[in-house]
Amino acid sequence: MKSWSNKILLPLFFFFLFYSVAYAGSYTSSAHGNSSYGVNRSSISGYSTGNCAHCHEQHAMIGGTEPKPASGSASPFCLFADNFSGKTSNPYNQSDNFCFYCHCYTDATSLQTPNFTNYNYSRTFGGYTTSSIYSIYKAFNQNSYHNLYDIWDFAKTNFSSFFKEDSNPCSVCHNVHLAKRNKENPDDPTYSAISKPSDHFNLWTNTMNDYAPNKYQAPYRYSSGCEPDGGSCNDLTIQAQKTPDYVTFCQDCHVYNMSSYGLSHTPINWNTDKHGNAIRSRNERMGQPIIKPPYDVTAVFNYVLSCLDCHEPHGSYSYKYLIRKEVNGNITNVTADTHDDWKTLCLRCHYREHTNKSCLECHYHGSGKF
Ligand code: HEC
Ligand code: HEC
Ligand code: HEC
Ligand code: HEC
Ligand code: HEC
Ligand code: HEC
Ligand code: HEC
């Protein structure tokens with residue numbers, strides 16, 4: 001990827017001065033800009049915690065030990081390292097993505113002091129504390145992962161109003177100058193960590209209850225209570241109001257046909273899937289309800305699920321498809337495309353298993369039986 005020319009670097013430098021003032025409010029209330037737990041790269045001195053300089057170097061080099069620039073030209077956006085290497089598949093090295101210099105916990109050497117963790121969704125919101133994923137870097141280095149090159153490529157075409165050649169694939173879903181710590185406030189989506197690609201300059205704070213009023217049942221957490229914070233499972237509105245609207249978020253991209261990226265069941269249409277807005281065709285089979293608690297066939301005639309009830313957003317252990325390790329209070333084990341493996345997912349919420357074929361032969365997004 002090309003480096004930024006001085007034509008862009010110089011105005012960017014002056015823009016920092018302006019931007020620091022103009023955006024002071026939203027930036028200082030973001031996780032990076034916080035003066036107590038925000039960015040603090042220990043290799044540079046003289047800058048307070050949260051200062052832009054921990055990520056942007058207004059001069060080519062501030063001093064101290066730097067991964068970049070090694071020889072001459074500065075990195076795009078004056079970042080202390082290249083935003084993205086363009087590597088087309090994992091495993092990723094720390095130097096493949098700027099964010100991995102801090103969001104790596106102890107899976108690589110972090111430049112951030114003090115160090116901090118980012119668990120996966122199954123742990124932070126699903127309560128599965130046995131998970132061994134402690135960092136974003138590790139999350140993307142699992143079997144199944146959102147391919148950063150494909151995300152970058154897709155965003156260049158479809159979100160070109162803000163996403164540039166030199167942009168970071170993480171920036172499609174996050175705005176570093178706004179992102180907050182939902183993990184510290186799992187009951188409050190206004191502490192959102194994400195920005196919808198089509199609305200990059202705002203945090204995404206809509207909830208599942210906005211998307212599907214009184215139709216979203218939060219699944220069980222691993223230990224007790226329901227997602228995202230362990231609250232009571234008995235109210236259809238309260239937990240839904242705490243859960244970000246991941247359907248609208250993910251569908252910013254997945255309404256597109258992605259067969260060129262190897263996804264033959266796209267576009268995903270949540271209006272015609274039964275786990276989405278389509279109404280299920282039966283309540284019971286042979287006297288047994290088709291869904292397990294906390295779902296209740298007598299309470300809601302058309303449940304609408306969140307994408308993150310089944311998927312991780314970054315990566316997962318599964319052989320494919322970002323399947324969560326913990327779903328509806330128990331664990332899954334999808335390491336191959338087999339009947340026995342897939343039923344560990346489906347039977348978290350269903351009683352029925354039939355045939356000895358892989359469930360995916362008949363049940364998948366868009367099949368009319370999913
Ligand atoms: C210089 C170190 C550093 C770099 C580089 C960095 N971050 Fe962070 N990030 C932090 C710190 C520190 C926090 C606050 C973590 C905490 O207190 O738990 C944070 C928090 C976040 C959060 C809020 C959720 C959370 O973890 O609490 C998001 C989202 C985030 N970073 C995304 C990114 C992305 C995307 C990039 C790359 C474009 C990036 N960060 C680069 C240090 C960094
Ligand atoms: C396809 C969209 C997408 C991409 C690409 C993406 N993220 Fe995320 N990220 C999410 C979503 C959704 C969440 C909120 C759910 C969660 O915390 O698991 C999240 C949460 C986070 C958090 C907070 C985790 C916590 O501890 O609560 C951090 C930090 C983060 N992402 C960093 C990154 C970094 C760094 C990259 C690039 C290497 C990246 N993300 C790429 C969608 C994305
Ligand atoms: C910025 C656009 C974008 C957003 C937002 C996005 N995705 Fe994706 N997703 C992609 C692209 C591109 C691919 C194809 C490349 C790949 O497999 O990683 C993909 C692939 C996938 C796959 C298949 C992965 C595999 O290993 O087989 C799943 C599952 C998935 N996305 C789920 C989600 C979920 C859940 C969300 C919301 C948290 C989401 N996506 C948000 C762009 C996006
Ligand atoms: C956690 C690291 C981090 C911190 C802290 C940070 N930035 Fe950024 N900034 C980035 C990244 C990464 C990009 C590139 C965005 C992309 O990938 O498209 C960027 C881009 C920019 C841009 C280009 C326009 C844009 O929004 O994409 C400006 C201007 C900017 N930053 C100013 C600032 C200022 C001023 C501060 C302090 C108030 C600051 N940044 C703090 C990481 C950071
Ligand atoms: C009930 C669990 C469940 C929910 C909820 C769910 N998915 Fe999936 N998803 C799966 C399974 C199982 C597969 C593998 C079968 C397939 O490809 O459809 C999959 C596959 C995918 C794929 C890859 C499709 C391909 O062509 O290979 C994408 C992309 C995806 N899901 C996105 C989403 C999005 C976006 C949402 C929310 C709107 C969502 N999923 C909700 C279980 C779920
Ligand atoms: C997180 C919980 C959850 C998981 C995991 C899950 N489902 Fe479901 N499923 C539901 C709920 C809830 C409904 C009812 C939706 C409604 O009310 O419209 C449903 C509906 C269905 C239906 C429609 C039944 C009808 O009567 O029309 C089928 C088929 C189905 N699921 C198959 C599967 C398969 C196969 C898997 C595994 C790949 C799976 N489900 C995983 C919760 C789940
Ligand atoms: C050969 C095709 C086929 C395979 C393979 C298959 N199913 Fe089904 N399944 C069906 C059909 C057809 C229905 C009824 C369609 C509907 O109601 O949407 C159904 C319905 C269901 C339902 C909805 C509840 C009910 O009783 O109608 C569940 C749950 C379900 N299957 C789970 C599974 C699981 C779990 C697997 C894998 C272990 C699996 N199925 C494999 C064809 C299949």
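Annotations
- Prolate/oblate/rounded call for region 290-364, Cα gyration tensor, a/c under 1.5 rounded: oblate
- Sorting 109-121, 274-286, 325-337 by their mean Cβ neighbour count within 10 Å, with the most densely packed peptide first, gives 325-337, 109-121, 274-286.
- Contour excess over end-to-end distance, with Cα ends at residue 344 and residue 132 and 0.36 nm allotted per residue: 74.3 nm
- Oblate is the label for region 176-326. Its Cα gyration tensor axes, ordered a ≥ b ≥ c, give a/c of at least 1.5 and b/c at or above a/b.
- Working ranking of peptides 100-106, 90-96, 249-255 by packing, defined as the average number of other Cβ atoms within 10 Å per residue, highest first, is 100-106, 249-255, 90-96.
- Per-residue ellipticity at 222 nm from helix content only, as computed over the chain with -39500 (n - 2.57) for each DSSP H run of at least four residues, stands at -4500 deg cm²/dmol.
- Efficiency of FRET from Cβ geometry, residue 265 and residue 160, R₀ 30 Å, rounded to 0.05: 0.70
- Of the three principal axes defined by the Cα atoms of the chain, the extents in descending order read 72, 39, 36 Å.
- Between 0 and 90 degrees, the angle of helix 6-22 with respect to the longest Cα principal axis of the chain falls at about 70 degrees.
- Computed over region 76-157, Cα set: Rg, Dmax in Å: 13.5, 39
- Within the straight-line cut-off of under 20 Å between alpha carbons, the lysines reachable from residue 325 are 138, 183, 292, 343, sequence neighbours fewer than 8 places apart in one chain being disregarded.
- Of all aspartates and glutamates in the structure, the ones whose alpha carbon falls short of 13 Å from that of residue 180, not counting any fewer than 8 places away in one chain, are 188.
- Dipole-positive endmost among 197, 345, 261 within region 143-370 (Cβ charges, Cα centre): 345
- When peptides 150-158, 315-323 are sorted by average Cβ neighbour count within 10 Å, with the highest value leading, the order is 315-323, 150-158.
- Cut-off 16 Å (backbone N to label point 7 Å along Cα→Cβ of residue 109), residues of region 25-53: 41-44
- Inter-part distance where region 172-221 and region 276-317 are each reduced to a Cα centre, Å: 21
No lab work stands behind these numbers, since they all come straight from the coordinates. Worth saying up front: this structure is predicted, and the values here are computed from it rather than measured. So basically every Cβ, Gly included, is an ideal-geometry build from the backbone, and we count neighbours across all protein chains shown.
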